[in-house]
Amino acid sequence: MTPNSQDYEKPLWNLTVAEYIDLHRQLMQEKQYEYGYKGLAKVLGCGRSTAYTIKASGVLDQAISQNGKIFVIDVEHALRLIALHKVKIPAQKSDSNRPAN
């Protein structure tokens with residue numbers, strides 16, 4: 001549903017269910033979040049130690065909310081910041097060298 005001038009003149013109680021759902025989806029685009037170093041490593045495709053180094057560099061400060069030891073990463077914002085600052089992320093080592101448990 002793309003809004004046009006008539007849509008803005010229509011009272012909210014006159015919307016069909018489909019129109020309301022489309023409007024709601026447009027207004028409430030779901031954000032994706034990850035938590036902690038494990039989540040940051042998953043987003044960046046690297047190990048936890050590399051994620052720690054990148055977080056400590058301050059590049060992602062705008063995308064991270066922290067309260068004590070727990071921190072939450074806004075994934076979309078973090079990826080934009082990584083691209084903006086052109087951070088080089090080393091590839092994660094494969095698990096093929098690790099012994100089987």
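The values are calculated or read from the model by the stated rules, or taken from the named source; none is laboratory data. Values in this document were obtained by computation on a predicted structure and should not be read as measured data. Every residue, glycine as well, gets a Cβ built from its backbone with ideal geometry; the counts of neighbours run over all protein chains shown.
Summed over the stretch 64-87, residues that are part of a helix (DSSP H, G or I) and either in contact with a Lys or Arg (Cβ under 7 Å, 6 or more places away or on another chain) or surrounded by fewer than 11 Cβ atoms within 10 Å (Cβ to Cβ) (or both) total 3. When we screen Glu30, Glu19 for residues that are in contact (Cβ under 8 Å) with a residue 12 or more places away in the chain and exposed (fewer than 15 other Cβ atoms within 10 Å of the Cβ), the only hit is Glu19. For the stretch 2-19, the condition holds for at least one residue, the condition being that it is at pLDDT below 85, in contact with a helix residue (DSSP H, G or I) (Cβ under 9 Å, 6 or more places away or on another chain), in a helix (DSSP H, G or I) and more than 30 Å from Ser65 (Cβ to Cβ). If you go through the stretch 21-63 and keep only what is closer than 17 Å to Ile89 by Cβ, part of a helix (DSSP H, G or I) and of a type in the set (Gly, Ala, Ser), you end up with Gly39, Ala41, Ser49, Ala51, Ala56, Ser57, Ala63.
Restrict the check to the stretch 55-63 and report whether at least one residue is hydroxyl-bearing (Ser, Thr, Tyr) and exposed (fewer than 14 other Cβ atoms within 10 Å of the Cβ).
Here is the first cut: in the stretch 55-63, the residues hydroxyl-bearing (Ser, Thr, Tyr) are 57.
Within this subset, residues satisfying the condition of being exposed (fewer than 14 other Cβ atoms within 10 Å of the Cβ) are 57.
Yes: the stretch 55-63 contains one or more residues that are hydroxyl-bearing (Ser, Thr, Tyr) and exposed (fewer than 14 other Cβ atoms within 10 Å of the Cβ).
What are the residue pairs meeting all of these: first residue in the stretch 50-63, first residue in the same structural domain as Lys38 (by TED's automatic domain parsing), second residue of a type in the set (Ser, Thr, Tyr), Cβ atoms under 6 Å, and 6 or more apart or on different chains? Filtered contacts from the stretch 50-63: Ala51/Tyr37; Tyr52/Tyr37. Condition test on Ile70, is it in contact with a strand residue (DSSP E or B) (Cβ under 8 Å, 6 or more places away or on another chain) and modelled with pLDDT under 90? So Ile70 passes the test.
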